[in-house]
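I have placed the structure first, in the form of structure tokens, so that the comments after it can refer back to it.
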Amino acid sequence: MSAKIIDGKLISQQIKDELRGKCAELMEKDIRVTLAVILVGEDPASQVYVRNKKRACEYIGYNSLSYELPQNTTQDELLELIDGLNERDDVDGILVQLPLPGQIDEKTVLNRIKPDKDVDGFHPINVGALLVGDKGFVSCTPSGVIQLLKRGIPEYDLSGKECVIVGRSNIVGKPMSLLMLRENATVTVAHSRTKDIKDVCRRADIIIAAIGKPRFITSDFVKEGAVVIDVGINRTSDGKLCGDVDYENVRDKTYAITPVPGGVGPMTIAMLMNNCYEAALFHKLGE
């Protein structure tokens, strides 16, 4: 039986269409969802991401505020802008595009955003809420992976499955492990210091690869019939995009797999848009 290809473009479009309908209902009550996006410097990849976020806002019907600051912006100037946006009643979400120039400390900046406007889900209060099971914003890529699993293979019960997450970053690996625990999976986090990482992965019913190494997960890491989710985005020497999974080599062994591009990537923006909607419900309706 051939593997199911989980289509992130299709699922992200479904989510955006659902949000578009919900947004129209809010607008009937004269409520507008507003996202403020801050970009410092002229990193080409960051410019593309910001453009895509603006397009998503436009499609769904959100108001987007854009602040494009020069490369030499000081940390104090950026913090002053964030403080102003924190106080604005019309702004529901604040997003600072990473990476930031060297003179600015990312942690200081991200911690300055009010937790109820932190639609990226990076603030320690939101991370702590996820840990103890309280309500808060979850970082967008891990929550996108959960949607891919639930919508892409709805017949596949996550409960009780053995899940190996390869990578332990604060943005993907750690929150991903907590979300999979919430789904009652049995979770192992493997990383650069894990002994016999291949054997650890071979036990997995679900592998979520987020290690940042091109085509690291090969066929001999994967047991027959596993589900493989590839969070990695890497460029090969010839400029092509590839994931952390050797897709062609692995695909035929799997029950279901995500491609790169077109898998996890589109979901990140869809879940950001979902967080913005949730923020607006909290700020403007107290929900």
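Where the centre of each part is set by its Cα atoms, how far does region 1-37 sit from region 116-144, in angstrom? A separation of 19 Å, based on Cα centres. Remark: the Ile5-Leu241 segment gains 83.2 nm on full extension, using 0.36 nm per residue and subtracting the alpha carbon distance.
At R0 = 25 Å, how high is the FRET efficiency between Asn234 and Arg51 if r is their beta carbon distance? Nearest 0.05 is fine. Step by step, r from the Cβ atoms, then E = 0.70. Rounded to the nearest 5, what % of the DSSP beta bridges within the chain are antiparallel ones? Antiparallel: roughly 5 percent of the beta bridges in the chain. When all alpha carbon pairs of region 29-117 are counted in 10 Å bins from zero, the resulting P(r) reads 16, 50, 30, 4, 0 %. Computed from the C-beta positions of Gln14 and Lys195, the FRET efficiency with R₀ = 35 Å rounds to 0.30.
Listed from fewest to most Cβ neighbours within 10 Å, the set Leu69, Leu272, Leu26 follows the order Leu69, Leu26, Leu272. Placing unit charges on each Cβ (+1 for Lys and Arg, -1 for Asp and Glu) gives region 29-117 a dipole about its Cα centre, and among Ile94, Gly61, Ile82 the Cα reaching farthest toward its positive end belongs to Gly61. Subtracting the Cα-Cα distance of Lys107 and Asn170 from their residue separation scaled by 0.36 nm leaves 21.5 nm.
Taking 7 Å steps out from each Cα toward its Cβ at Lys150 and Asp30 produces label points 3.4 nm apart.
Once the gyration tensor of the Cα atoms in the chain is diagonalised, the equivalent ellipsoid follows with semi-axes of 33, 21, 18 Å, ordered largest first. Segment Asp157..Leu131, full-extension length gain: 7.1 nm, with 0.36 nm per residue of separation and the alpha-carbon distance subtracted. Over all Cα atoms in region 93-236, the spread is summed up by Rg and Dmax: 16.1, 49 Å.
Mean residue ellipticity, 222 nm, helices only, the chain: the sum of -39500 (n - 2.57) across DSSP H runs of n ≥ 4, divided by residue count and rounded to 500, is -13000 deg cm²/dmol.
Using 18 Å as the Cα-Cα cut-off, could you pick out the over-long pairs in Lys198/Lys223; Lys107/Lys284; Lys16/Lys54; Lys16/Lys117; Lys16/Lys107; Lys4/Lys53? Check vs 18 Å cut-off fails for Lys107/Lys284; Lys16/Lys117; Lys16/Lys107; Lys4/Lys53. For the pair Leu181 and Asn72, a Förster radius of 41 Å applied to the C-beta separation gives a FRET efficiency near 0.40, rounded to the nearest 0.05.
Computed from the coordinates by the stated procedures, all read-outs in this text should not be read as laboratory data. What you are looking at is a predicted structure, and each value in this text was computed from that prediction instead of being measured. Glycine gets a Cβ as well: all are built from the backbone with ideal geometry, and neighbour counts include every protein chain shown.
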